[in-house]
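In what follows, a single structure is set out as structure tokens and then discussed.
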Amino acid sequence: MGDMANNSVAYSGVKNAVKEANHGDFGVTLAELRSLMELRAADALHKIQECYGDVHGICTKLKTSPNEVCGSVNVGEEEEESEAGWIEGAAILLSVVCVVLVTAFNDWSKEKQFRGLQSRIEQEQKFTVIRGGQVIQIPVADIIVGDIAQVKYGDLLPADGVLIQGNDLKIDESSLTGESDHVKKSLDRDPMLLSGTHVMEGSGRMVVTAVGVNSQTGIIFTLLGAGGDEEEKEKEKEKKDKKSKKQDGAVENRNKAKAQDGAAMEMQPLKSEDGGDGDEKDKKRANLPKKEKSVLQGKLTKLAVQIGKAGLLMSAITVIILVLYFVIDTFWVQKRPWLAECTPIYIQYFVKFFIIGVTVLVVAVPEGLPLAVTISLAYSVKKMMKDNNLVRHLDACETMGNATAICSDKTGTLTMNRMTVVQAYINEKHYKKIPEPEAIPEKTMAYLVTGISVNCAYTSKILPPEKEGGLPRHVGNKTECALLGLLLDLKRDYQDVRNEIPEEDLYKVYTFNSVRKSMSTVLKNSDGSFRIFSKGASEIVLKKCFKILSANGEPKVFRPRDRDDIVKTVIEPMASEGLRTICLAFRDFPAGEPEPEWDNENDIVTGLTCIAVVGIEDPVRPEVPDAIKKCQRAGITVRMVTGDNINTARAIALKCGILNPGEDFLCLEGKDFNRRIRNEKGEIEQERIDKIWPKLRVLARSSPTDKHTLVKGIIDSTVFEQRQVVAVTGDGTNDGPALKKADVGFAMGIAGTDVAKEASDIILTDDNFTSIVKAVMWGRNVYDSISKFLQFQLTVNVVAVIVAFTGACITQDSPLKAVQMLWVNLIMDTLASLALATEPPTESLLLRKPYGRNKPLISRTMMKNILGHAFYQLVVVFTLLFAGEKIFDIDSGRNAPLHAPPSEHYTIVFNTFVMMQLFNEINARKIHGERNVFEGIFNNAIFCSIVLGTFVVQIIIVQFGGKPFSCSELSIEQWLWSIFLGMGTLLWGQLISTIPTSRLKFLKEAGHGTQKEEIPEEELAEDVEEIDHAERELRRGQILWFRGLNRIQTQIRVVNAFRSSLYEGLEKPETRSSIHNFMTHPEFRIEDSEPHIPLIDDTDAEDDAPTKRNSTPPPSPNKNNNAVDSGIHLTTDMNKSATSSSPGSPLHSLETSL
């Protein structure tokens, strides 16, 4: 059974035990309360009157009164050789330790960055409730259904409830609905109070009707965690439904049994007691977070496996050739007998051959590759902090580079989230911008300042910013704050006027209401005269104006004809730009006349003199249009998804550049969108979404579900060849599911709710859309940095492998020794990865389209560079190897005896090889065939210092390395030749870039992403941990085992299904297993909203309902939800999800891969 006293905090996911409450003890069930809390305003009132009489009826059924509470809470060789022998082992160990430490340190620092935010999310908050007649403060975790809670200005509501008594209560529901206007709550109009919303004005008392995962915020939070698991269950359900046709009749029997059960009861063997051992297996698998490697990691893993196989093959061939050559030469050609006393020497030769083979393998495998990725991501994350991007999940940074679509919120992201006066009509002049104070006559200014200061509620005020560099805080009514902001822009202070005329001195106030659509305040002057100031909707107040202030500030006659002119030339143009127009006016009552009849409002608020007409809007952030232009140029489509009305949304979209005049794009409202994407049964169809989303640019009046549906629809779409990579921005609790579903979720750091931050991958610390463009730049830069490093690394590998292999086969010894190889391969490459991975991004990255998920890591141009430079380096190395002794007039190092001292000859080969790599590192800075490889080199201090540092260390190794590094000292002349041959790579690079890549059709690309069809179906379902291609071979045997196990489970479930039908009469509370069930439109019946994905495997737990097309869903108190489940599972999932949604394992990643 579910729990009415479930006490997990809605918006912080506090993980507490849940005690079972029996619904029989109360007059109302959990399901009924949940369905009630989904209704709004008139619908909710109608339901309360129909089912409970009034709010006190609910209190009676919950066995509570303002002085009483119920419910229980459970909170619960020779000497020299042996001296030098340790060096190889130590060098390898040191290198491995370096790689591990850098990765660990990076993870730790990332966690530390986020811990500050996390602690704020999880901190305890207290709330005021009345228990036993006492007003007490309790932790929000202890609030239970039936509590009477006191709400007041400034509170963040921790639970859902119904208002019992309220005094002018206004709630900001923008975090749930996206609506910026405050909602007035009263017993006769809208008594529903929702968790996660803010009390902006007034006070009151409410009876708590839903807490924890059953509250509106909790439901959304459940989608972030449990929702991830549930969606996977749904997909598996689809696949199993299809496969069941091929399987034996047991499954069909089970389906029939469940259909007869009268309710589409979801059997959950994961948590059933009768499941036996088979379920234990599934339980373990269910607890493991499903996790796919990021796109880049997948490509790199595949590439590394390919390179590793090639290296292993080369090293095996090398060892075989060396052994065969030695055996044939010694025992066949020279006809020597095998002497027992010579056996140790023979073994030493074989060990030497084996070490050479290992050397070839070490050189072939790019050990620096994982480090390059980590360094590049860690460096990017650190630098992105300065660009106001706090990255929670490392791979989000790289995914952002491939983004093809951004679904952005309007309020707070594209706009400033503060109503502001942007246009004004003052003294017969229309100002498109706020005028300078000097431009307004003193008389008009006096009317304006006094009128706004006293005729705005004194609770509305503008306070200094909370954070340094932030914007001033608006408190109270947003429209009034805009008018007060106008005074501040005109360098006047409203507070001086308010100090002079305190609130109690106001003679009479006609407060704003929806009927009069205006507010008026009467002041009594010292001479006994009266002055009334009025403000309100321009079309209403202007009709009452008989005069208007002229250009010099004096009143002049205002005829109906003049009024029509102002409507046409001022008000309509303002309205077409999405502005809200407000008219400010005043009227004087002379002292000599008798005092007016103040209660007769129509006679008082007439004959006014118009002071000004102002246009108010939530203005677009000044940097946004440029940022959106950059996104569009970079091949990224920006869509606006907002809760605001469609006219305002369209006006803002035009100002941002999301829509351009004359373009054929769609602007839809949520209702229209839902109508178009659903079939006759109310089910969402992917084909219908595919017809809409490519042209959709603005989705207005959208619910949280619409946003999630859109994001899911775009991600699952197969309209284009490349899968869409979607980024989503959001600040409200309502954005949580969409943020979680998206490939990259951006939450707002300042305005964002804790739920949004918890669901996101990146937090924008300045709430600015421009920071998203920076994230795209950094994401693309990571990709390019890895490609640069690969170009450098693979050139080294190709040359080193061929040199080691050929040298070993011809001279029985590798020209490059094991420790030298380690220096080149581990240390130099690690440093090179640091140098190339820390290249700062440039604007030019935004001039190309996204690479896409299947774009190879190594393009044709890069392959041309790798092979071209490898050719030059091989020519130089082989020339030095076979003719170096003649060129430099030194002893040959070839065919040296077993423990010969290091030779100058091989030292020159090693030194020249390193110099060529050092200069090739500069070539590797460009991967798209650019000629100027030095461009911006001095912007990267790390690169310059690493190249110089490596050069200095190379000098030390050669001159003082001696035996451990197999080096002999070189003369100045030999050094200069080495450097000269190294610099030759720069000139050779220029020659290579003149060859057009288009001519080299024979060059293959490498490092493609894993294609869907490459992965056998069974393995996708089997891959509970990372999908690693190297592990795949080991899994095939397990599949047969799971199939056998599954047959047994099927039999058990058939028995369970029949058994459950015996308890038909018992009440079954409902669960919400799918995002689509959280519909705000009750007319939709969601029965089969999962995407149709081909069957993958039947080895996972079959905790699915029968095929919903075949079985008729039972009548259900909640029309939005036909899947029935036991509520306790939901709370268990909730607790589990909090652990499984750790930063390392984004829950949506497996669905994405499927």
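The values are calculated or read from the model by the stated rules, or taken from the named source; none is laboratory data. What you are looking at is a predicted structure, and each value in this text was computed from that prediction instead of being measured. So basically every Cβ, Gly included, is an ideal-geometry build from the backbone, and we count neighbours across all protein chains shown. Side chains are part of the model used for accessible areas, which takes the heavy atoms of the whole protein and leaves out ligands, DNA and RNA. Shrake-Rupley method; radii C 1.70, N 1.55, O 1.52, S 1.80 Å.
Pairs of Lys residues in region 778-878 are counted when their Cα atoms are under 25 angstrom apart and they lie 8 or more places apart or on different chains; the count is 5. Model label points for F882 and S529, set 7 angstrom from Cα along the Cα-to-Cβ axis, are 11.2 nm apart. Sparsely packed loop sites in region 709-771 (the trypsin sites (Lys or Arg not before Pro) outside DSSP H, G, I, E and B with at most 13 other Cβ atoms within 10 Å) do not occur. Modelled this way, with points 7 Å down the Cα-to-C-beta line, the labels at K963 and D889 are 3.2 nm from one another.
Rounded to the nearest Å, what's the spacing between the alpha carbon centres of region 720-768 and region 862-893? Just the number, please. If we compute the Cα centre of each part, the gap is 54 Å.
The count of lysine pairs in region 538-641 whose Cα atoms are under 25 Å apart, excluding pairs fewer than 8 places apart on the same chain, comes to 7.
Of the peptides 349-359, 550-560, 603-613, 796-806, the order by per-residue mean of other Cβ atoms within 10 Å, starting with the highest, comes out as 796-806, 603-613, 349-359, 550-560. Ordered by solvent-accessible area of protein heavy atoms (1.4 Å probe), largest first, the residues D496, D889, D829 come out as D889, D496, D829.
Relative protection proxy for 581-587, 859-865, 399-405, 933-939, from highest mean packing down: 399-405, 581-587, 859-865, 933-939 (other beta-carbon atoms within 10 angstrom).
The calculated FRET efficiency for I355 paired with V953, based on their beta-carbon distance and R0 = 22 Å, is about 0.40. For region 577-647, the fraction of 1.4 Å probe accessible surface lying on carbon and sulfur atoms is 43 percent. If R0 equals 51 Å, the separation of the Cβ atoms of S971 and D766 corresponds to a calculated FRET efficiency of about 0.30. Taking 7 Å steps out from each Cα toward its Cβ at L312 and F871 produces label points 3.2 nm apart. Note on region 339-398: the C-alpha convex hull projects to 6.0 nm² when averaged across all orientations.
Whole-Hz Karplus ³J(HN,Hα) for region 297-306, in order, using 6.51 cos²θ - 1.76 cosθ + 1.60 and θ = phi - 60°, x for Gly and Pro? Along region 297-306, the couplings run 4, x, 5, 5, 4, 4, 5, 4, 4, 4 Hz.
Stretching the chain fully between D565 and E442 yields a gain of 41.7 nm (0.36 nm per residue, less the alpha carbon separation). Listed cross-link partners K467/K757; K461/K517; K410/K741; K126/K383; K432/K508; K302/K691 are compared with a 26 Å cut-off, the Cα-Cα value being larger for K126/K383; K432/K508; K302/K691.
Evaluating 6.51 cos²θ - 1.76 cosθ + 1.60 at θ = phi - 60° for every residue in region 967-972, the Karplus couplings come out as 10, 10, 4, 10, 7, 4 Hz, glycine and proline recorded as x.
Per-residue packing, averaged as other Cβ atoms within 10 Å, sorts the ranges 506-513, 297-304, 788-795, 329-336 into the order 788-795, 297-304, 506-513, 329-336, beginning with the highest.
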